[in-house]
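The values are calculated or read from the model by the stated rules, or taken from the named source; none is laboratory data. Only a predicted model underlies this, so the values are computations on that prediction, with no experimental measurement involved. All Cβ positions, glycine included, derive from the backbone under ideal geometry; neighbour counts span all protein chains shown. All accessible areas refer to the heavy atoms of the entire protein, side chains included, with ligands and DNA or RNA removed. Shrake-Rupley method; radii C 1.70, N 1.55, O 1.52, S 1.80 Å.
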Amino acid sequence: MDALLHYDAAYWRKLLDSRVGTTKWPHGSGVWSKKELVLPQIGDEDIVSMFEGNSNLFWAERFGKELGMTDLWVKQCGNSHTGSFKDLGMTVLVSQVNRLRKMRPDSVQAVGCASTGDTSAALSAYCAAAGIPSIVFLPADKISLAQLVQPIANGALVLSIDTDFDGCMKLIREVTAQSPIYLANSMNSLRLEGQKTAAIEIMQQFNWQPVDNVIIPGGNLGNVYAFYKGFKMCKDLGLIERLPRLIVAQAQNANPLYQAYKNGYDNFQPVKAQTTFASAIQIGDPVSIDRAILALKATDGVVEEASEEELMDAAARADLTGMFNCPHTGVALAALIKLRESGVIAPSDRTVVVSTAHGLKFAQSKVAYHSKGIDGVDSKYSNPPVTVKEDIGAVMDAINDKFRSMNSR
């Protein structure tokens, strides 16, 4: 950091802004356009990138109006190569492994991770691009088909294990401790270096102007600390005047951080995570709990939870305004709704909801919701298809039932 401070804020703004939209290697990547702030010592020839990042900051105008807000935004981190924010960290980690293997070919024979789906997709894709073997430990029957098929397609060794994520995490740590397999989970600082660029990118997209709240779905909690690290770096470099308040949203079925928050962070206790549609954050013993608490305390942060009905309804309600949200984004949106209702978030607050994955990776949950096939969920915003006969009268009846004010010509 001391070396970065040799240059003033004007220098960094000019440099970073000059790289937006370029195709020059590797600066066309939203991560590597900030190379000096991420991994300055690596050579361009060692970087493994798919021009990840540069994701849309979507102005949720209609949804914001429903909540009485004028400045609501959704950072679409799922608009990336493998469909989730995990690409941001994986490009950095795999690039460094690529460099190490060139220097010492036998030092790393494969890269492995435990995953609830998105990490395995990112790891397998970037390793495939670099020609590095990958191994993923997945909890059996707990991730979506779209997530499962991604590492399979990219040639990873996929181990489907009869346990939950925490069990997979325990096994992968044991394996990597006794073999030349490199651990790629979020406690690895290289992952966080890449993920922090989403925070820097948000500030850049707002022309370095202040943001009041950033809502992040929380599971293993590495992303919470990564966002804090990115925002703090911007402040330390003089790029922004103040840090946004971080708000972590957890599924009620996997809410150890929320429980700790309610108890003033005293005596954190892991929980046995129950099944949730937000499967990527179905984690009861988060690896980055201490760093997440540090980030929350430093930003006067808040933690909120969402039930299965709340998260699915929130995602569906927002979809009706033009989005297509994954269940994890639904958790963050449900937290937003609750915090607006309680007055924690003000109508004029500039608020960014972090969407961590693309909704298409979780189409099964959408189908279940709109077909009212979820026990205990009324599917308030369901919109099932209407079956009609091949008859103009039947078609017009169906249209008129949906749009009562429409008159036939």
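In table form, for the structure just shown:
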item: Pairs where the first residue, in region 1-24, is modelled with pLDDT of 90 or more and the second is open to solvent by 60 Å² or more (accessible area, probe 1.4 Å) and of a type in the set (A, V, I, L, M, F, W, C), C-beta under 9 Å, 6+ apart; result: T23/F51
item: Contacts under 9 angstrom Cβ, first residue in region 61-82 being closer than 18 Å to S342 by Cα and touching a residue at least 40 places away in the same chain (Cβ under 8 Å), partner open to solvent by 40 Å² or more (accessible area, probe 1.4 Å) and among the aliphatic types (A, V, I, L, M), 6 or more apart; result: F63/L320
item: Cβ pairs under 6 Å, 6+ apart, first in region 224-247 and polar (S, T, N, Q), second part of a strand (DSSP E or B) and modelled with pLDDT of 95 or more; result: none
item: Test set (1) over 30 Å from H328 (Cα atoms); (2) small (G, A, S); (3) surrounded by 21 or more Cβ atoms within 10 Å (Cβ to Cβ) - A10 fails condition number; result: (3)
item: Hits in region 364-382 - residues which are over 24 Å from the mean Cα position of the chain (by Cα) and without any contact (Cβ under 8 Å) to a residue 40 or more places away in the chain; result: S371, K372, G373, D375
item: Q41, sole failed condition from (1) more than 21 Å from the chain's Cα centre (by Cα); (2) closer than 20 Å to T356 by Cβ; result: (2)
item: Residue count, region 332-364 (criterion: in a helix (DSSP H, G or I) and either surrounded by 17 or more Cβ atoms within 10 Å (Cβ to Cβ) or among the charged types (D, E, K, R) (or both)); result: 13
item: Residues located in region 248-262, provided they are touching a residue at least 40 places away in the same chain (Cβ under 8 Å), in a helix (DSSP H, G or I) and buried (at least 23 other Cβ atoms within 10 Å of the Cβ); result: L257
item: Close pairs from region 109-136: first under 15 Å from R99 (Cα atoms) and in contact (Cβ under 8 Å) with a residue 24 or more places away in the chain, partner in a helix (DSSP H, G or I) and open to solvent by 10 Å² or more (accessible area, probe 1.4 Å), Cβ under 6 Å, at least 6 apart; result: A130/N98
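Residues checked against (1) hydrophobic (A, V, I, L, M, F, W, C); (2) touching a strand residue (DSSP E or B) at 6+ places or on another chain (Cβ under 8 Å); (3) open to solvent by less than 50 Å² (accessible area, probe 1.4 Å); (4) in a loop (DSSP other than H, G, I, E, B):
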residue	(1), (2), (3), (4)
Q41	no, no, no, yes
T70	no, no, no, yes
T82	no, no, yes, yes
L88	yes, no, yes, no
V94	yes, yes, yes, no
R99	no, no, no, no
S120	no, yes, yes, no
A129	yes, no, no, no
I132	yes, yes, yes, yes
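To keep it simple, each residue is scored yes or no on (1) modelled with pLDDT of 95 or more; (2) among the small types (G, A, S); (3) closer than 30 Å to Q209 by Cβ.
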{"position": "E341", "(1), (2), (3)": "yes, no, yes"}
{"position": "P347", "(1), (2), (3)": "yes, no, yes"}
{"position": "V352", "(1), (2), (3)": "yes, no, yes"}
{"position": "S355", "(1), (2), (3)": "yes, yes, yes"}
{"position": "G373", "(1), (2), (3)": "no, yes, no"}
{"position": "G376", "(1), (2), (3)": "no, yes, no"}
{"position": "D397", "(1), (2), (3)": "no, no, no"}
